[in-house]
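The values are calculated or read from the model by the stated rules, or taken from the named source; none is laboratory data. Model, not experiment: these values are computed from the prediction. Cβ placement follows ideal geometry from the backbone for every residue including glycine, while neighbour counts extend to all protein chains displayed. Remember, those area values only see protein heavy atoms, side chains included, never the ligands or the DNA or RNA. Shrake-Rupley method; radii C 1.70, N 1.55, O 1.52, S 1.80 Å.
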Amino acid sequence: MSNTHPELVSGNDVLVRITAPDAAPIRVTANGREISGFTRQQDGSLLGLVTGLRSGDNHITATSHGRAAELNVVNHPDSGPVFSGPRQSPYYCETTAFGLAPAGRPLCSAPTVVSYRYRTTGGAFAPLADPTARPADLATTTVNGRTVPYLVRVETGTIDRAVYQFAALYDGSAPSPVHPDTSWNNRLVYTFGGGCDGGHQQGNTTGGVINDLFLSRGYAVASSSLNVLDNNCSTVLSAEAAMMVKEHFIETYGPVAHTIGWGVSGGSIQQYSIANAYPGIIDGIIPGLSFPDPLGILEAGADCGLLTRFFAGAGTSFTAAERQAVTGHLNNDTCVSFDHYFVNRITPAGSCNNHIAVVDNVIPPADIWNPVTNPDGVKCSALESDANQLGRDPATGFVRSVLDNVGVQYGLTALQHGQITPAEFATLNASVGGYDTTGTPVASRTQADPRALNAAYHDNILNSAGQGLGTIPIIDARMDMDNAGPLWDTHTTQWSYVTRDRLRAANGTAANQVIIEYQNTPDQSAAANSYALSAMDQWLTNIEADHFTRSQQAKVIANKPAGLGDGCYLSAGDRIQAPLTYPATGRCAATYPVGSAPRLQAGGPLSENVLKCALRPLNFADYPVRFTPAEQEELRRAFPNGVCDYTKPGIGQNQRPGAWLTYGDH
């Protein structure tokens with residue numbers, strides 16, 4: 001079978017490959033019913049689409065010369081779920097945003113629509129009503145050495161309660177899984193969109209499939225609305241949607257040589273998380289503006305919300321330099337941006353209909369949670385997306401939270417380096433406070449739920465980097481946004497090194513990850529994206545041609561293309577290869593300085609994988625400064641049970657992470 005787990009088939013059909021020692025006729029049956037249409041491929045195998053599968057178990061048999069091979073598959077509805085578990089409800093449809101027919105809840109299914117576009121000689125995509133037409137301004141492109149018309153087939157439909165899209169060059173013939181389109185290079189780019197929100201809506205965007213960089217080279221492009229974390233911040237649901245959409249793509253176009261992940265911000269979260277927790281869906285990833293998982297950005301946002309309020313209140317006397325020393329960011333706007341754009345994600349309803357990318361009213365205001373008028377209403381906190389993993393607290397009705405800052409010594413590194421005074425350190429930690437269960441700032445520190453902590457580690461919601469992530473090629477395309485201003489400067493560079501640290505800890509090496517830094521300019525972005533795509537394709541091609549008996553990790557490392565390695569762009573035409581380290585040193589460091597973050601400045605590990613720290617008693621002899629009796633009393637009030645001890649694992653961190661976890665079909 002091609003690229004699909006037999007127990008995770010969907011949509012009532014499956015593409016099956018049969019290999020045999022000779023070219024003798026082979027009879028194929030499914031549940032006793034004969035299946036025709038199997039076609040001999042160049043490698044001698046037979047490939048055919050088995051249709052008409054029944055819900056649940058199916059038995060496929062291939063027989064030849066009295067010998068038989070058997071395959072059991074489990075079929076699931078194309079509306080899902082397959083492994084993501086119970087669905088959010090209510091759920092609001094947005095099929096009409098894609099030009100599809102209106103859909104009914106809760107499945108939000110609509111008939112598939114095929115449309116066509118072409119690339120003009122002026123460099124734009126234009127609609128094409130008649131795919132047999134050849135407009136006068138039709139451009140051409142070159143794929144595998146052949147010049148072909150730049151015509152694009154676009155398929156839009158619904159899978160897994162999401163709207164999916166494919167785009168691929170079109171040679172004039174209907175796509176076939178056994179006779180691939182001659183304009184296709186047999187490779188797939190899967191795109192992922194940004195943000196991180198609590199869902200309840202189908203979404204009116206995908207990761208984007210009309211992309212000249214990919215299509216002009218012959219790549220097919222696929223995505224779905226549930227591969228946009230601003231529509232639903234569940235990496236498990238995103239993995240399921242990607243798996244199901246990819247399966248349908250293969251059943252439409254044929255087997256893919258390899259699938260490359262692509263996307264920035266929340267799109268990077270999905271790539272890193274899916275590659276680790278559900279290995280095999282994506283073969284190589286190119287995350288941009290990366291974070292390793294959704295919990296890191298929520299924790300950073302929560303910290304910045306508290307620090308921003310402190311600096312506006314009890315900490316107004318802190319200078320710009322002192323604030324920077326506490327947060328670790330290169331730009332003090334970073335915490336302000338986190339506070340403005342992300343703190344509402346930890347509240348029950350603050351981000352409903354108010355996403356970063358889209359502001360709409362798909363969720364009727366009357367349906368939204370209100371503690372007085374509608375306590376059972378729709379909740380949009382980002383953690384709502386992980387209800388099947390983290391669980392729901394019956395006492396509050398909210399998803400169990402992993403946010404915690406008990407014992408966190410904000411500004412510890414700044415104190416140790418003499419950048420803030422003992423008095424400022426004491427006031428900061430005595431005043432910073434935390435959040436209650438509704439995400440409202442309160443005087444007491446935030447407490448995580450122990451069950452949620454265990455689940456976050458075991459279920460890879462906190463990315464362990466130790467399942468699939470150590471065995472695939474990674475090109476972390478780090479656009480420098482640390483000083484970009486509101487919103488975008490939340491994408492600080494140190495996160496690429498956070499993931500690298502986790503890779504080293506989990507796998508003994510991070511040699512499968514390459515970081516390439518570049519400036520946020522059109523020419524450098526174009527150069528970096530083009531290079532990353534070409535290098536990843538070559539890397540995967542090298543791996544596929546490696547038939548030596550060695551581990552997958554060893555194959556990935558050994559087959560890195562010559563010239564590909566850490567480095568940076570000094571200009572669009574000048575990419576240098578140089579080791580990148582944290583803290584930043586070397587040739588790239590002057591152009592691309594790397595900052596820190598509040599938890600790192602509080603003494604936390606670079607891996608940023610301690611959600612709730614173990615505690616040790618507060619001991620004033622541990623500090624390089626002397627506190628007055630009043631300051632000591634402030635700190636005792638701030639840390640009644642002790643301070644973080646990062647020499648010990650975090651609470652729940654001893655859980656062994658799992659891969660390909662399932663949460664039930666219904």
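List of remarks:
- The number of residues in the range 240-266 being touching a helix residue (DSSP H, G or I) at 6+ places or on another chain (Cβ under 7 Å) and either of a type in the set (Lys, Arg) or without any contact (Cβ under 8 Å) to a residue 60 or more places away in the chain (or both) comes to 1.
- The set of residues in the range 105-137 being under 30 Å from Pro90 (Cβ atoms) and of a type outside the set (Ser, Thr, Tyr) consists of Arg105, Pro106, Leu107, Cys108, Ala110, Pro111, Val113.
- Which listed residue is surrounded by 24 or more Cβ atoms within 10 Å (Cβ to Cβ), out of contact with any helix residue (DSSP H, G or I) (no Cβ under 8 Å at 6 or more places or on another chain) and not small (Gly, Ala, Ser), from Leu229, Leu237, Leu215: Leu215
- Residue check for Gly261: open to solvent by less than 10 Å² (accessible area, probe 1.4 Å) and either within 21 Å of Asp459 (Cβ to Cβ) or of a type in the set (Gly, Ala, Ser) (or both): yes
- Listed by position, the strands (runs of 3 or more DSSP E) contained in the range 1-120 that have at least 3 residues being free of Cβ contacts under 8 Å to residues at least 24 places away in the same chain and not hydrophobic (A, V, I, L, M, F, W, C) form an empty set.
- Some residue of the range 611-628 being within 29 Å of the chain's Cα centre (by Cα) and open to solvent by 20 Å² or more (accessible area, probe 1.4 Å): yes
- Conditions (1) open to solvent by 30 Å² or more (accessible area, probe 1.4 Å); (2) of a type in the set (A, V, I, L, M); (3) at pLDDT below 95: number failed by Ala505: (3)
- Filter result for Ala456 (at pLDDT 95 or above and within 14 Å of Arg656 (Cα to Cα)): yes
- Wholly within the range 412-484, helices (runs of 4 or more DSSP H) carrying at least 2 residues that are open to solvent by 30 Å² or more (accessible area, probe 1.4 Å): 422-431, 450-458
- Filter result (open to solvent by 10 Å² or more (accessible area, probe 1.4 Å) and either in contact with a Gly (Cβ under 8 Å, 6 or more places away or on another chain) or touching a residue at least 24 places away in the same chain (Cβ under 8 Å) (or both)) within the range 160-179: Arg161, Gln165, Tyr170, Gly172, Pro175, Ser176, Pro177, Val178, His179
- In the range 184-280, counting only helices (runs of 4 or more DSSP H) that sit wholly within it, the ones holding 1 or more residues that are of a type in the set (Val, Ile, Thr) and under 18 Å from Gly11 (Cβ atoms) span 235-253.
- Of the set (1) at negative phi; (2) surrounded by fewer than 19 Cβ atoms within 10 Å (Cβ to Cβ), all apply to Gly52 but (1).
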